[in-house]
1. Can you tell which of V143, V151 is crowded, with 18+ Cβ neighbours inside 10 Å and out of contact with any helix residue (DSSP H, G or I) (no Cβ under 6 Å at 6 or more places or on another chain)?
2. When you go through (1) closer than 24 Å to S62 by Cβ; (2) charged (D, E, K, R); (3) out of contact with any strand residue (DSSP E or B) (no Cβ under 6 Å at 6 or more places or on another chain) one by one for E105, which number turns out not to apply?
3. Of L145, L120, L116, which residue is among the aliphatic types (A, V, I, L, M) and more than 15 Å from the chain's Cα centre (by Cα)?
4. Select from segment 109-131 the residues that are part of a helix (DSSP H, G or I) and touching a residue at least 40 places away in the same chain (Cβ under 8 Å) and write down the one among them that is most open to solvent (accessible area, probe 1.4 Å).
5. What do you reckon, is V157 in a loop (DSSP other than H, G, I, E, B) and out of contact with any Cys (no Cβ under 7 Å at 6 or more places or on another chain)?
6. Looking at (1) surrounded by fewer than 13 Cβ atoms within 10 Å (Cβ to Cβ); (2) closer than 22 Å to L73 by Cβ; (3) touching a residue at least 24 places away in the same chain (Cβ under 8 Å), which is the one condition that is false for V134?
7. Can you tell me how many residues within segment 143-154 are modelled with pLDDT under 95 and in a loop (DSSP other than H, G, I, E, B)?
8. Criterion first (open to solvent by 40 Å² or more (accessible area, probe 1.4 Å) and part of a helix (DSSP H, G or I)) does S102 satisfy it?
Amino acid sequence: MDKKWFGILLLILLAGIAAVNIIKDRKEITEIENPGIEVADQEAESSAAAGIGLGDLPPDFSLQTLDGKKVSLSDYRGKKVILNFWATWCPPCKAEMPHMQSFYEKEAEKSGAEILAVNLTSKDNGQATVADFVKQYDLTFPVLLDEEGAVGEKYQVSIIPTTYFLNTDGTVHQVVKGPMDEEMMRGLVDEME
């Protein structure tokens with residue numbers, strides 16, 4: 001009888017271990033298929049520890065737009081800024097772009113906000129692909145090209161899209177890792193100072 005109970009307990013233990021491994025594997029697959037959907041607390045803490053946490057002043061940068069105009073983040077001091085990092089091959093980025101464009105057309109001016117969409121060009125398929133993407137999605141907000149990858153690295157962008165919401169004084173109000181919709185952007189911009 002004791003061997004029978006031992007065998008049953010062993011089976012239950014093995015089934016529990018298998019269930020935990022299946023759940024863990026499924027979570028990893030979900031993250032690969034849908035990058036940026038879930039943010040781990042550890043990532044948020046590491047971002048904050050590196051000086052780009054809430055309330056911090058992120059590093060300034062200058063990048064060129066598709067039409068060759070040089071744009072600096074500091075040019076937008078005094079405005080609320082939605083600083084978005086993205087790539088053309090990223091499905092969640094593709095999903096959020098129409099929402100960003102709609103927000104830009106309907107809400108940005110009256111809420112005193114600007115969108116700066118930083119394409120991670122060094123990890124993308126080149127300027128021509130970015131230009132085609134911008135044309136396909138009828139994007140009218142500034143699209144900046146991070147051709148060297150230095151800005152994405154400074155901002156520790158490991159999940160795309162990643163978006164920094166910056167207050168009028170330039171400090172970080174919120175960081176969103178993963179796609180956004182228009183309602184989410186409106187709510188965060190309304191909270192900003």
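1. Residue meeting the stated conditions: V151.
2. The failed condition is (1).
3. Selected residue: L145, the only one of L145, L120, L116 that is among the aliphatic types (A, V, I, L, M) and more than 15 Å from the chain's Cα centre (by Cα).
4. Among them, the one singled out is Q127.
5. So V157 fits the description; yes.
6. Every listed condition holds for V134 apart from (1).
7. Qualifying residue count for the region: 3.
8. In short, no.
The values are calculated or read from the model by the stated rules, or taken from the named source; none is laboratory data. Just so you know, these numbers come straight off a predicted model, no measurement behind them. All Cβ positions, even for glycine, are placed from backbone atoms using ideal geometry, and neighbour counts span all protein chains on display. SASA here: full protein model, heavy atoms, side chains in, ligands and nucleic acids out. Shrake-Rupley method; radii C 1.70, N 1.55, O 1.52, S 1.80 Å.
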